1. Give me the residue from segment 469-483 that is modelled with pLDDT under 90 and in a loop (DSSP other than H, G, I, E, B) and, out of that set, farthest from the ligand (Cβ to nearest atom).
2. So is L528 within 14 Å of the ligand (Cβ to nearest atom) and either under 19 Å from the mean Cα position of the chain (by Cα) or closer than 25 Å to H76 by Cα (or both) or not?
3. Any idea which of (1) free of Cβ contacts under 8 Å to residues at least 40 places away in the same chain; (2) among the hydrophobic types (A, V, I, L, M, F, W, C); (3) more than 30 Å from L524 (Cβ to Cβ) is the one F473 doesn't satisfy?
4. Test Y539 against the criterion of being within 14 Å of the ligand (Cβ to nearest atom), modelled with pLDDT under 90 and aromatic (F, W, Y), and give yes or no.
5. Within the group E416, E444, which residue is farther than 21 Å from Y184 by Cβ, under 31 Å from the mean Cα position of the chain (by Cα) and surrounded by fewer than 15 Cβ atoms within 10 Å (Cβ to Cβ)?
6. Could you check segment 369-394 and list, in sequence order, the residues that are surrounded by fewer than 22 Cβ atoms within 10 Å (Cβ to Cβ), modelled with pLDDT under 85 and charged (D, E, K, R)?
7. Wholly within segment 185-249, which strands (runs of 3 or more DSSP E) include no fewer than the required count, namely at least 1 residues that are modelled with pLDDT under 95, more than 29 Å from D396 (Cβ to Cβ) and out of contact with any helix residue (DSSP H, G or I) (no Cβ under 9 Å at 6 or more places or on another chain)?
8. Considering segment 191-200 alone, what residues qualify as being surrounded by fewer than 19 Cβ atoms within 10 Å (Cβ to Cβ) and either farther than 21 Å from D213 by Cα or within 16 Å of the ligand (Cβ to nearest atom) (or both)?
Amino acid sequence: MKEKMYMDQIRIAVIGGGAGAREFVIRLGDSFPDSVVLSLDVFSAEHTFGHGVAWTPEETPVLANMRAETLGPDYHEFEIIQEILEKTGDKEAGAEYPSRNAMSRALDERWKSNNPSTRPNIAVNIISGNVVELTKLEDNTVTVKYTENNVGAKQTCNGYQFVVLALGNIKSKKPDIFKSFSGYIDGWDIESIRRIKSNEKVLIRGSSLSSIDATMRMLHHTGNGVSQESRWQPNNILWYSRSGKLPFVRPKQLKLGSYFVDYPYLTNLINELESKKQSLTLEDVQSLLLSELRVQEFKKKGRFYECPKGLTSIQNLVEDDMQTVLGRDHDDIEQDGFDVKPQQVMLQESIDLADAYSLWFSVAKLLDEYTIPLVWNALDLKNKELFLTKYRRIFDKFWAPIPKVNGERLLRWLKEGMVHSVEYPDEDSLILKEGKIYLSEDIENESLSSTLEYTGNGFSYLINCGGISSNPFQMDNALVEKMHEKSQISPYFIGEQAYGIKLNWYTGAVWNQNEEEHGWLYTLTGSLTTGAHRFTNSYLAVSISAQRTVNDILRKL
Ligand SMILES: Cc1cc2nc3c(=O)[nH]c(=O)nc-3n(C[C@H](O)[C@H](O)[C@H](O)COP(=O)(O)OP(=O)(O)OC[C@H]3O[C@@H](n4cnc5c(N)ncnc54)[C@H](O)[C@@H]3O)c2cc1C
């Protein structure tokens, strides 16, 4: 039985002031009882509250990678955003993909009308500071130590019953090889990216969503009040990634009434397995997806694009491989005879398909921010490992594709030579020489040597857009380091590799080394929750995780 606290006043500390922290505060306020006094302190390392990494207003009109419309399944969270944009007469109301700026405006409006401190029993304090240490005292309350922003003075606040980490995506430490390289820029460092001059040679690590945003930020400028791409010369920007593959463009999604992959069905299945002391396997998940596909293929006949190459054909899906459920990989395309510029051909093909309804994509997206944490929590270690080592990349690529307009933008850059993209192992094979980064020409790769003929070798900048670090030891965050030192968090190891920390992925309750809940410490989705949320770290994911943490805390009152 869970311990109940029965108290008439509680204090909660929320660490991190991004969109996740703000959602947590709104949702806690929404369901908090009138009979209890609540004091909420939000510690924010940024000066602005609620924007965090993804939604900070900026000059470049980079797109939010979420679709605030209802073509896919109805998500309450997206409807809220769309409704706010409409109500406020925003110029981006109704946009298929709103920009990050529009999202930021909508989230600010949401806060204005939902700030719970208007309720008599709730006080919300925003404290501008970087939290460096948490200490649990003998009286079961927690002390928060932080460094005040600007001033730099160390301060403490006491008496919290709960602490909620809302640290979001945590930047990685600068890799050792770049320690003495002044041209290293983190992919989220908007200002440094915008300062790069148009005659510089720039290497971008990664070839996905963040690489598009970084390239847009470099190329963008506002002249005479008009927002446009500037006149960079071709052959200055080179993207590299281990797979050398370009992102997939999002097709249209059918609204499906699910039979096998919806929340109640999965919950029943997991409970039934648990009662037999069994756990869910990836094979179970795959067979649910296949069953769903069969039913939907029949029910939605004529409503989706029947790809001549068999993208959606059931025969292709009976192989024991989740990849076939989620789509085809570039290799298949190459085998089909597309040996001329396969990257661009593949990109063009997925742009062409973007206006068609895709059945396999719609079924794959039934694994969503609601169902993934449930499924992930229920998989055993062996299956989690199998997923992370075998399917993670392909799942990520097809599950989170890019908007069509970004696909078209990228294709244009490639055709104009504004961007080149190659397959290359990783930073261990980069060479730092006289203040520049070089790609090793010893790597056997035809496309590399021909690309370097255009771009030349020797780059003044390296922008790291290579994804979000999931290894707590590589996270550039003093609080994470301190919590680890004090054994308040334990890295979640699969084999040699650490994937976030040990926790209940469903409620966000953080575990100690013995895999028991601390009871007072929670985390919202983000770098620490690698696993379920590694793939779904979106505004929707962080909002849903905030709601689940709220529910768990309320259960304890
Ligand atoms: C580059 C990038 C692009 C993204 N694009 C999209 C997108 O297009 N669509 C989408 O839905 N999602 C996107 N996301 C996911 C995004 O993280 C979520 O949508 C959501 O905004 C996360 O909110 P958050 O508050 O959890 O994290 P964040 O926005 O990262 O905020 C966390 C905050 O905590 C602060 N913090 C960290 N440590 C401390 C500390 N010790 N003390 C005090 N404060 C601390 C940080 O400074 C930061 O301000 C993107 C993420 C990144 C990194």
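1. My answer is N471.
2. yes
3. (3)
4. Yes.
5. E416
6. Within segment 369-394, K390, R392, R393 qualify.
7. Qualifying strands (runs of 3 or more DSSP E): 220-223, 226-229.
8. Within segment 191-200, E191, S192, R194 meet the criteria.
The values are calculated or read from the model by the stated rules, or taken from the named source; none is laboratory data. Every value quoted in this text rests on a predicted model; they were computed, and no experiment measured them. Quick reminder, even Gly has a Cβ in these numbers, built from the backbone with ideal geometry, and neighbours come from all protein chains shown.
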